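Visitor: Below is a structure I'd like to ask you about.
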Amino acid sequence: MSKLALFGGEPLFKNERPLEDRWPETLPEDLEAINRVIESGQFLGINHPEIEAAEKEISEYFNVEYVLLMGSGTASLHAAVAAAGCVPGDEVIVPALTFLASASAVLHHVCIPVFADIDPVTYNIDPKSVETKITNRTRAIMAVDLHGLPADYESLRQIADKYNLVLIEDAAHAMGATYKGKKAGALGDVAGTSLMPVKQLATCGEGGIFFTNNVDFYNRASMVRSFGEVIQKDKPRAYNAFTLGWNYRINPIMAAFLRSQLKRLDHYTELFISNGAYLSKGLSELPGIIPPQIPEGSTHVYHMYRIKFDPRAAGYDVHPGRFAKAVEDAMGAEGLPLRLYQNAPIPGQAMFRTQEGFGNGVPWSLPGTNPIKYDFEEFTNTLEVLETTRCIGKNGSAGPWYFRNRETMDLYLKSFRKVWENLDELADYAEKMEYSPPWSILAPSTRGVWVEVTPAKKG
């Protein structure tokens, strides 16, 4: 039995090579696509040939009628909220475990995020919790395909239809994933996704995609993308804004690179799925490790690979949070890092606790709104998941850096097996270590106080 590096042994992985693979993978055809735009000398315009071609190819690949390329994933979600017909003071139900942009996109439209708890098995929004959050001001449900696994759209669709709500899909983690034969991005009434360079479908900078089969939603989102105007190809621009709009346009260089990457999405998706399944099979052999669970009819593309640790199943009466932190420490010392993805339920962030918003408490203080109290301790499933799970990779990383490479899967399996051979010593370490739950990192409220982060000028 090899001694753990955490306790003075030799680390399993000594950085003989970079653990993370370069992503997005850039091949000669990607550079040719970029050069095509540069050589054209045309760098702007929503009707640029590269943007139009990318939108057409995306529409065909995802089997969605209307597609708009946007400047970011957050922009695409904001456009989705606007397209859904949300007006100031309306409520949109969002999962308590997601990236902030899912909720901030709601706030960008002067609407109010209302949080639902997650399913403790899939980590996606729990339809049962969603239904308890519906009020007279609820306009939409935003489902997030967290970590690369599509949400429970059959149940969410039933709820949306029952209460006449729009179902928004945040597919930022899930390009390439499927749900009952349909691709992520095509699972809601309207959807948005991100194209930033850590995503499964990436461009060479920031970008996003808006998807819908509803022409009214498409028209609203189109105006949101370009200053509230209706801009028609081959017709003079009228410079006449019909609604409040933004500059959410994408650069044609990003569109050209995206077109090249889209051609390889199926190839990459197969690698993500096969390597994820391989890792799950190996980890399932170790008692107390629960790999991602995939409902029948869904596929998972492992933008994040979240592992749950159960000390009792491993044979130890140790606090689950302590056990997970000890495993994280041991794996990191071996050179195979694990990470948190989010430290707390999103409603625990200061923005929601202070409800300062745009100033003067807007949107929460608008006339006719329901009083909202954000208590992150309400979301017990989310808290339990955050405390007892970790994700593969270092801070700031994502699945594509690891899940294209079978050798990396073997390194992680070998490291987990080494750790599990030393669980007696690790359990003792877990009991004695200093410990606080992940959400203890949240700073106290700073309402009315600006935190200075800029260094003072010298001299």
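Each value in this text was obtained by applying a stated rule to the coordinates, not by laboratory testing. All figures in this text were calculated on a predicted structure; none of them were measured in a lab. Reconstructed Cβ throughout: ideal geometry from the backbone, glycine too, with neighbour counts over all protein chains shown.
Visitor: Neighbour counts of other C-beta atoms within 10 Å: give me THR203, THR132 arranged from fewest to most.
Guide: Listed from fewest to most nearby Cβ atoms, that is THR132, THR203.
Visitor: Can you compute 3J(HN,Hα) from phi for each residue in region 206-212, using the Karplus curve 6.51 cos²θ - 1.76 cosθ + 1.60 with θ = phi - 60°, rounded to whole Hz and x for Gly and Pro?
Guide: Each residue's phi maps through the Karplus curve to give 8, x, x, 10, 9, 10, 6 Hz.
Visitor: I would also like to ask the following. Can you tell me how much longer the chain between ASP424 and LEU27 gets when fully stretched, taken as 0.36 nm per residue apart minus their C-alpha distance, in nm with one decimal? The partial results should precede the final answer.
Guide: On the way: separation 397, 0.36 × 397 = 142.92 nm, distance 4.73 nm.
Residue separation times 0.36 nm, minus the Cα-Cα distance, leaves 138.2 nm.
Visitor: Same structure, new question: Starting with the highest mean, order 100-109, 289-298, 406-415 by the number of other Cβ atoms within 10 Å, averaged over the residues of each peptide.
Guide: 100-109, 406-415, 289-298
Visitor: Just want the ordering: TYR66, TYR402, from fewest to most Cβ atoms lying within 10 Å of their own Cβ. Mind showing how you got there, number by number?
Guide: Details: TYR66 19, TYR402 26.
So the residues, fewest neighbours to most, are TYR66, TYR402.
Visitor: Quote to one decimal, in nm, the extra length available between SER2 and HIS267 on full extension: 0.36 nm per residue of separation minus the C-alpha distance between them.
Guide: Length difference between fully extended and current span is 91.6 nm.
Visitor: Nearest 5 is fine: what % of DSSP beta bridges in region 151-214 come out antiparallel, could you say?
Guide: Working: 7 of 10 bridges.
Rounded to the nearest five, the antiparallel share is 70 percent.
Visitor: While we're here: Which part of region 148-181 falls in the paramagnetic zone of ASP216, meaning amide N under 12 Å from the point 7 Å along Cα-to-beta-carbon?
Guide: Within reach of a label on ASP216: 166.
Visitor: List the lysines whose Cα sits under 28 Å from the Cα of LYS56, skipping any in the same chain fewer than 8 residues away.
Guide: Excluding near neighbours in sequence, the set is LYS180, LYS182, LYS183, LYS199, LYS233, LYS235, LYS263.
Visitor: Order by neighbour count: TYR302, TYR218, fewest other Cβ atoms within 10 Å first, most last.
Guide: TYR218, TYR302
Visitor: For region 28-263, go through all pairs of different Cα atoms, get the mean of 1/r, take its inverse, and jot down that Kirkwood value in Å.
Guide: Computed over Cα pairs of region 28-263, the Kirkwood hydrodynamic radius comes out at 17.8 Å.
Visitor: Can you list the residues, at least 5 places off or on another chain, whose amide H is less than 5 Å from the amide H of GLY207, using H built in the peptide plane?
Guide: GLY73, LEU195, MET196
Visitor: Also: What are the ³J(HN,Hα) couplings of region 166-178, residue after residue, when phi is run through the Karplus curve with 6.51, -1.76, 1.60 and θ = phi - 60°? Round to Hz, x for glycine and proline.
Guide: Result, ordered by residue: 8, 9, 9, 10, 9, 9, 4, 8, 10, 4, x, 6, 9 Hz.
Visitor: On a 0 to 90° scale, report how tilted helix 252-262 is relative to the longest principal axis of the chain, with both axes built from alpha carbons and the result rounded to the nearest 10.
Guide: With rounding to tens, the tilt is 50 degrees.
Visitor: Could I ask something else about it? Which percent, to the nearest 5, of DSSP beta bridges fully inside the chain are antiparallel?
Guide: Numbers: 23 of 39 bridges.
The answer is about 60 percent antiparallel.
Visitor: To continue, here is another question. So what is the diffusion coefficient of the chain in µm² per second by Stokes-Einstein at 25 °C and 0.890 mPa s, using a Kirkwood Rh over Cα pairs?
Guide: Diffusion coefficient, whole number: 105 µm²/s.
Visitor: Taking 20 °C and 1.002 mPa s as the conditions, I'd like the Stokes-Einstein D for region 332-440 in µm²/s, using the Kirkwood hydrodynamic radius from alpha carbon pairs. Before the final figure, lay out the partial values.
Guide: Working: Rh = 17.4 Å.
So the translational diffusion coefficient is about 123 µm²/s.
Visitor: Let me ask another. Can you compute the modelled spin-label distance between THR380 and ALA238, with each label point 7 Å from Cα toward Cβ, in nm?
Guide: Each label point lies 7 Å from its Cα, and together they span 5.6 nm.
Visitor: Let me ask another. Please work out how much length the chain gains when fully extended from GLU407 to ARG17, using 0.36 nm per residue of separation minus the C-alpha to C-alpha distance, in nm with one decimal.
Guide: Working: separation 390, 0.36 × 390 = 140.40 nm, distance 1.13 nm.
Residue separation times 0.36 nm, minus the Cα-Cα distance, leaves 139.3 nm.
Visitor: May I ask for the net charge around ARG36, where only other residues with Cβ less than 12 Å from the Cβ of ARG36 are counted and Lys, Arg are +1 while Asp, Glu are -1? Don't skip to the answer; put the middle values down first.
Guide: On the way: positive: ARG259; negative: GLU29, ASP30, GLU32, GLU39, GLU50.
Residues near ARG36 contribute -4 overall.
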